[in-house]
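Data first, discussion second: the structure below is written as structure tokens.
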Amino acid sequence: MAASSTIPSEAALPAERFFRTSLSLLILTSTVAIVSTGKLDIVTTFAAPLIVLYKGFGAGTGAQPSFHTAPQPGP
Amino acid sequence: MIVYLAFFPLDALILSRFLVGNSSNPPLFAVLLAAVHFLLFVSIVRFYSAVTDRDALFLSMLSFSGILAAAVLTVDTTFLILFFAFLLFGVSAFTGMELRRGALGAVSQTPHAHTERDRRLNRALGLSALSVAAGSIVWVACCFSSFRASAPGTSAGPASILPL
């Protein structure tokens with residue numbers, strides 16, 4: 001009974017999509033903040049945000065596997 | 001990433017020297033730009049290879065380092081806006097991380113049947129993260145304006161209209 005009511009480890013955890021989107025936007029904000037200083041070269045200025053956006057968009061559409069937590073140490 | 005460590009001196013000594021311009025200390029600024037390149041490279045590589053929650057934490061720290069690097073490189077209103085956005089997404093990411101960690105191993109009666117509930121949870125989470133970030137932004141703005149108003153030798157300016 002208890003075993004059937006426990007969330008399996010492969011099931012999507014709550015707020016998974018929220019978490020992935022927030023993390024992607026966090027990294028995108030950091031990258032844009034660096035790029036917007038205008039001190040970097042033109043290749044980095046355009047490539048870095050685009051690469052992050054590509055990965056973030058793929059994660060937002062659910063194309064990527066979800067994060068999983070490290071196994072908890074047993075008693 | 002190890003290969004990039006071999007590229008780093010080349011970047012610091014040659015490639016970034018072209019971007020230095022008329023800086024007061026060109027060698028130091030070139031090393032700083034090379035470090036920023038390295039930071040961006042590591043962030044992107046870890047972002048593409050992140051699997052566990054520990055990777056997500058590491059990514060959060062890397063993005064904070066990016067914000068610090070941007071603060072070193074510029075003093076601009078754009079940075080302020082991006083910093084507030086960083087606060088918002090930081091609160092959201094850590095809220096989501098804690099929720100996921102708390103849900104690991106929790107008991108649920110009907111797994112895989114929470115789509116509507118998950119949607120409402122996502123909406124409520126977004127709203128709460130937005131509220132917390134907006135509150136922190138207002139708090140920082142008020143603290144900054146009170147600091148400006150009370151600092152000796154500076155004009156209070158338009159920020160003094162805030163009630164602090």
**Complete:** Note on the range B:1-51: residues closer than 20 Å to residue A:54 by Cα, in a helix (DSSP H, G or I) and without any contact (Cβ under 8 Å) to a residue 12 or more places away in the chain are B:44, B:48, B:49
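If I filter the range B:97-111 down to residues being closer than 17 Å to residue A:18 by Cα and within 7 Å of chain A (Cβ to nearest Cβ), which single residue comes out as modelled with the highest pLDDT? If you could, list the steps in order and put the result at the bottom.
Going residue by residue through the range B:97-111, those that are closer than 17 Å to residue A:18 by Cα are B:97-104.
With within 7 Å of chain A (Cβ to nearest Cβ) added as a condition, the list becomes B:97, B:99-101, B:103-104.
Working: B:97: 86, B:99: 81, B:100: 81, B:101: 81, B:103: 75, B:104: 74.
Among those residues, the one meeting the criterion is B:97.
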**Message:** Restricting to the range B:72-82, and then to whatever is surrounded by 17 or more Cβ atoms within 10 Å (Cβ to Cβ) and in contact (Cβ under 8 Å) with a residue 12 or more places away in the chain, can you tell me which residue is farthest from residue A:23 (Cα to Cα)?
**Reply:** B:73
**Request:** Filter the range B:40-51 for residues that are facing chain A (nearest Cβ under 8 Å), farther than 13 Å from residue A:33 by Cα and in contact with a helix residue (DSSP H, G or I) (Cβ under 9 Å, 6 or more places away or on another chain) and give the result.
**Result:** B:43, B:44, B:47, B:48, B:50
**Request:** Quick one: count up the residues across the range A:41-71 that are at the interface with chain B (Cβ under 7 Å from one of its Cβ atoms) and modelled with pLDDT under 55.
**Result:** 0
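Applying the selection to the range B:68-82, what residues are at the interface with another protein chain (Cβ under 7 Å from one of its Cβ atoms), closer than 19 Å to residue B:144 by Cα and at pLDDT 90 or above?
Pass one, the range B:68-82, residues at the interface with another protein chain (Cβ under 7 Å from one of its Cβ atoms): B:69-70, B:73-74, B:78-79, B:82.
After this cut, where a residue has to be closer than 19 Å to residue B:144 by Cα as well, the list is B:74, B:78-79, B:82.
Correct list: B:82 only.
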**Selection from the range B:52-67 of residues that are assigned to a helix (DSSP H, G or I) and facing another protein chain (nearest Cβ under 7 Å)** = B:53, B:54, B:56, B:59, B:60, B:63, B:66, B:67
**Message:** Just to verify a result, which residue in the range B:84-96, among those that are aromatic (Phe, Trp, Tyr) and more than 7 Å from chain A (Cβ to nearest Cβ), is surrounded by the most Cβ atoms within 10 Å (Cβ to Cβ)?
**Reply:** B:94
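The values are calculated or read from the model by the stated rules, or taken from the named source; none is laboratory data. Not measured: the values here are computed from a predicted model. Please note: Cβ atoms are built from the backbone with ideal geometry, for glycine as well, and neighbour counts cover all protein chains shown.
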